[in-house]
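A.B. asks: This is the structure, below, for whatever I ask next.
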Amino acid sequence: MQNKNAKKKFLFPAIILVIALTLTACAPLSQLADLSIFNNDESTSTDPAAESVAQQEVLESDEVQDPFSTSASDGTLSGIYEMVNPSVVNIQVISTISGITNMPFELPGSEGEQGIPQQSGLGSGFVWDQEGHIVTNNHVVKDATSIVVQFSDGREYKAELVGTDPDSDLAVVKIDAPVSDLKPLSVVDSSGVKAGDLAIAIGNPYGLSGTMTVGIVSAVGRSLSVDNSALTGSYTIPDIIQTDAAINPGNSGGVLLNDKGQVIGVTTAIQSTSGSNAGIGFVVPSSIVLRVVPELIDTGSYQHSWLGLSGSTLQADIAEAMDLDRDQRGVLIVSITPDSPSDEAGLRGSDKQFEYLGSQVLIGGDIITAIDNEPTPNFEALVSYLARATEPVQVVELTILRDGKSQTVDVTLGVRPGKTTVQTPSSAFSSGQAYLGITGGSLIPEVALEMDLDEDQQGVLVVEVQADSPADEAGIRGSDKTFELDGQKIMIGGDVITAINNTRVDGIQALRLELSNYSPGDTVTLSIIREGRSMKIEVTLGERP
């Protein structure tokens, strides 16, 4: 049973996101290397003495090849380090603190040009190609105003943000460096990775550049929750690799390698009660990296396939309550998103109440047992197939059980809603191509109370309005007062945005997601709170500068 107090933390020293952990079943894994030096079937010796010598040779060879032996560490592992480390970088990030984000980080107290507090953080990344593209985690560069890439030999380059995909927690930045200085790493498909394989992590934990740790792949097939808005539902990254190789805050965006020094994943999060390594690390698999990164480089964003349903793995008691065999496997559809691909295909959600483990749950909906003839024994299998084998507009065939009878349904996949495209480090609150032109953050109770608002008031506090931006032209007001929070002075007193065209905005992510639905030239009505009074302001969105 999992420790209920265990937490999962994204590996970024300045910003450590803590979210609940839900894991799926694991699958097995491959050997480090072929340790045999001859084939026993080909041995023809019958001399006991000769056979004894041969056995001794095998034992000695096995001892030399042991990946955790001194010989292996001095040879194979050190060789991998020398080959890979020059291509693993330290990413230094500066981002504006609005003073009202809900992330549990320590505020360093520096101030930018406008007197707005800033935070700094460190992460890791690796060289993707000789064009200067560097791969890292989205949470490392999220909201960055300045990104600096530092190599192991001390070379530093300013970087520009090229593309981000929050739903896979991947991002790409680009540096202008000589081709001779860029040594891309080999990235291989992780689909063959198994529990027990050697796992080598290289990154910059706590800013200690070029740190290498060794362990094994503890499990595969995990799922990792990502930070999603309630507007678009909850999503997970499938096929996550679990490792016991020591990774800590600052390893985010670094590499997990196989015994050949090839990248099999990007180190992303840990489960820990202390915030440091507890032997459970999570890695975005290279099978996802290989799909997402090229799209981020080409277009700045990645479009995920979307069915438009919520569901759960069918449990034995629920199967029995639906007059099915207790051994029936599949994905029970709980609800269907209106006007989604699943809705248009006629799939049915659950409409009956059933008491399960002391709670009332919905049952009675369609049960997905396969997608394109590939079995879906659990919800994770369905998500995994969508991630690795499909793309929007593709038609998939679902095999379902409806009222106990099997049938097939064709579904044309859509694009997961609420997707945003890249933000450049200099842009403020630009989502998609529509541009509002503010710097702000999610309202928290301490700031709400200081502004004479209800403690539970939600919205986005405007900290700064960019000159000549759509927000500036519409008369949106930024913050003009200081407030001390946790020993740091922050700006407060500006307008609080609570809705766009009557769609509620409860924080930064919701505002970004909602803006992504609009284009430059669109006029939207913002609901705001100004000095305690509610009002509406029309804003004609611009094009991102």
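The values are calculated or read from the model by the stated rules, or taken from the named source; none is laboratory data. The structure displayed is predicted, hence computed values, not measured ones. Quick reminder, even Gly has a Cβ in these numbers, built from the backbone with ideal geometry, and neighbours come from all protein chains shown.
A.B. asks: Does any residue in the range 383-406 that is surrounded by 20 or more Cβ atoms within 10 Å (Cβ to Cβ) come within less than 7 Å, Cβ to Cβ, of a residue that is assigned to a helix (DSSP H, G or I) six or more places away or on a different chain, and which pairs are these?
C.D. replies: Ala387/Ile288
A.B. asks: Is there a residue being within 13 Å of Gly215 (Cα to Cα) and within 15 Å of the chain's Cα centre (by Cα) anywhere in the range 261-276? Outline the logic, then answer.
C.D. replies: Pass one, the range 261-276, residues within 13 Å of Gly215 (Cα to Cα): none.
No, there is no match, as no residue in the range 261-276 is within 13 Å of Gly215 (Cα to Cα) and within 15 Å of the chain's Cα centre (by Cα).
A.B. asks: So which strands (runs of 3 or more DSSP E) stay within the range 284-395 end to end and still have 1 or more residues that are among the small types (Gly, Ala, Ser)? Talk me through it step by step, then tell me what you get.
C.D. replies: Numbers: elements: 309-313, 331-336, 352-356, 359-363, 367-371.
Where strands (runs of 3 or more DSSP E) fall fully within the range 284-395 and carry at least 1 residues being among the small types (Gly, Ala, Ser), they are 309-313, 331-336, 359-363, 367-371.
Residue-wise test of (1) of a type in the set (Val, Ile, Thr); (2) crowded, with 22+ Cβ neighbours inside 10 Å.
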site	(1), (2)
Ala471	no, yes
Lys481	no, no
Met491	no, yes
Gly494	no, yes
Arg504	no, no
Thr523	yes, no
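A.B. asks: Out of (1) touching a residue at least 40 places away in the same chain (Cβ under 8 Å); (2) surrounded by fewer than 17 Cβ atoms within 10 Å (Cβ to Cβ); (3) over 26 Å from the mean Cα position of the chain (by Cα), the odd one out for Glu355 is which?
C.D. replies: (1)
A.B. asks: Continuing with the same structure: So which residues in the range 314-337 are closer than 13 Å to Phe354 by Cα and in contact with an Asp or Glu (Cβ under 7 Å, 6 or more places away or on another chain), if there are any at all?
C.D. replies: Hit for the range 314-337 is Ala319, nothing else.
A.B. asks: What about Arg512, is it closer than 18 Å to Val463 by Cβ, in contact (Cβ under 8 Å) with a residue 12 or more places away in the chain, surrounded by fewer than 19 Cβ atoms within 10 Å (Cβ to Cβ) and in the same structural domain as Phe483 (by TED's automatic domain parsing)? Talk me through it step by step, then tell me what you get.
C.D. replies: Details: closer than 18 Å to Val463 by Cβ: yes; in contact (Cβ under 8 Å) with a residue 12 or more places away in the chain: yes; surrounded by fewer than 19 Cβ atoms within 10 Å (Cβ to Cβ): no; in the same structural domain as Phe483 (by TED's automatic domain parsing): yes.
No.
A.B. asks: Now a separate question. Mind checking whether some residue in the range 536-544 is closer than 29 Å to Val415 by Cβ, β-branched (Val, Ile, Thr) and in contact with a Pro (Cβ under 9 Å, 6 or more places away or on another chain)?
C.D. replies: Yes, because at least one residue in the range 536-544 is closer than 29 Å to Val415 by Cβ, β-branched (Val, Ile, Thr) and in contact with a Pro (Cβ under 9 Å, 6 or more places away or on another chain).
A.B. asks: How many residues does the range 150-189 hold that are under 17 Å from the mean Cα position of the chain (by Cα), assigned to a strand (DSSP E or B) and among the hydroxyl-bearing types (Ser, Thr, Tyr)?
C.D. replies: Filtering the range 150-189 for residues under 17 Å from the mean Cα position of the chain (by Cα) gives 161-173.
Subset that is assigned to a strand (DSSP E or B): 161-165, 170-173.
Next, only the ones that are among the hydroxyl-bearing types (Ser, Thr, Tyr) stay: 164.
Count: 1.
Table: residues versus (1) buried (at least 20 other Cβ atoms within 10 Å of the Cβ); (2) at pLDDT 95 or above; (3) out of contact with any Ser or Thr (no Cβ under 6 Å at 6 or more places or on another chain); (4) within 27 Å of Ser384 (Cβ to Cβ).
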position: Lys174; (1), (2), (3), (4): yes, yes, yes, no
position: Ser180; (1), (2), (3), (4): no, no, yes, no
position: Ser190; (1), (2), (3), (4): yes, no, no, yes
position: Gly207; (1), (2), (3), (4): no, no, yes, no
position: Val220; (1), (2), (3), (4): yes, no, yes, yes
position: Ser225; (1), (2), (3), (4): no, no, no, yes
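A.B. asks: Any residue in the range 450-471 that's farther than 17 Å from Ser527 by Cα: show its pairings with residues that are charged (D, E, K, R) and surrounded by fewer than 20 Cβ atoms within 10 Å (Cβ to Cβ) at Cβ separation under 7 Å, as long as the two are six or more apart or on different chains.
C.D. replies: What qualifies is Gln466/Asp472.
A.B. asks: Being at pLDDT 90 or above, more than 15 Å from Val447 (Cα to Cα) and not charged (D, E, K, R) is true for just one of Ala471, Ala510, Ala467. Which residue is that? Break it down stepwise before answering.
C.D. replies: Working: Ala510 fails: at pLDDT 90 or above; Ala467 fails: at pLDDT 90 or above.
None of the other options fit; the residue is Ala471.
A.B. asks: Count, please, the residues in the range 310-350 that happen to be in contact with a Leu (Cβ under 9 Å, 6 or more places away or on another chain), of a type outside the set (A, V, I, L, M) and within 30 Å of Val393 (Cβ to Cβ).
C.D. replies: Residues of the range 310-350 in contact with a Leu (Cβ under 9 Å, 6 or more places away or on another chain): 311-315, 317-319, 322, 324, 328-337, 340-343, 345, 347, 349-350.
Filter once more, keeping what is of a type outside the set (A, V, I, L, M): 311-313, 315, 317, 328-330, 335, 337, 340-343, 349-350.
Subsequent filtering for residues that are within 30 Å of Val393 (Cβ to Cβ) retains 311-313, 329-330, 335, 337, 340-343, 349-350.
So the answer is 13.
A.B. asks: Okay, moving on. Considering Leu362, Leu413, Leu347, which residue is in contact with a Phe, Trp or Tyr (Cβ under 8 Å, 6 or more places away or on another chain), of a type outside the set (D, E, K, R) and farther than 28 Å from Ser191 by Cα?
C.D. replies: Values: Leu413 fails: farther than 28 Å from Ser191 by Cα; Leu347 fails: in contact with a Phe, Trp or Tyr (Cβ under 8 Å, 6 or more places away or on another chain).
None of the other options fit; the residue is Leu362.
A.B. asks: Consider Ser519 carefully, then state whether it is within 27 Å of Ser301 (Cα to Cα) and not in a strand (DSSP E or B).
C.D. replies: Values: within 27 Å of Ser301 (Cα to Cα): yes; not in a strand (DSSP E or B): yes.
Spelling it out, Ser519 is indeed within 27 Å of Ser301 (Cα to Cα) and not in a strand (DSSP E or B).
This table checks each residue for (1) surrounded by fewer than 24 Cβ atoms within 10 Å (Cβ to Cβ); (2) at pLDDT below 90.
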{"position": "Ala230", "(1), (2)": "yes, yes"}
{"position": "Pro238", "(1), (2)": "no, no"}
{"position": "Gly253", "(1), (2)": "no, no"}
{"position": "Asp259", "(1), (2)": "yes, no"}
{"position": "Val266", "(1), (2)": "no, no"}
{"position": "Thr273", "(1), (2)": "yes, yes"}
{"position": "Phe282", "(1), (2)": "no, no"}
{"position": "Ser287", "(1), (2)": "yes, no"}
{"position": "Arg291", "(1), (2)": "yes, no"}
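A.B. asks: Is there a residue being farther than 30 Å from Glu391 by Cβ and free of Cβ contacts under 8 Å to residues at least 60 places away in the same chain anywhere in the range 234-245?
C.D. replies: We begin by selecting, within the range 234-245, every residue farther than 30 Å from Glu391 by Cβ; these are 244-245.
Among the residues that remain, those that are also free of Cβ contacts under 8 Å to residues at least 60 places away in the same chain are: 244-245.
Yes, the range 234-245 has at least one match.
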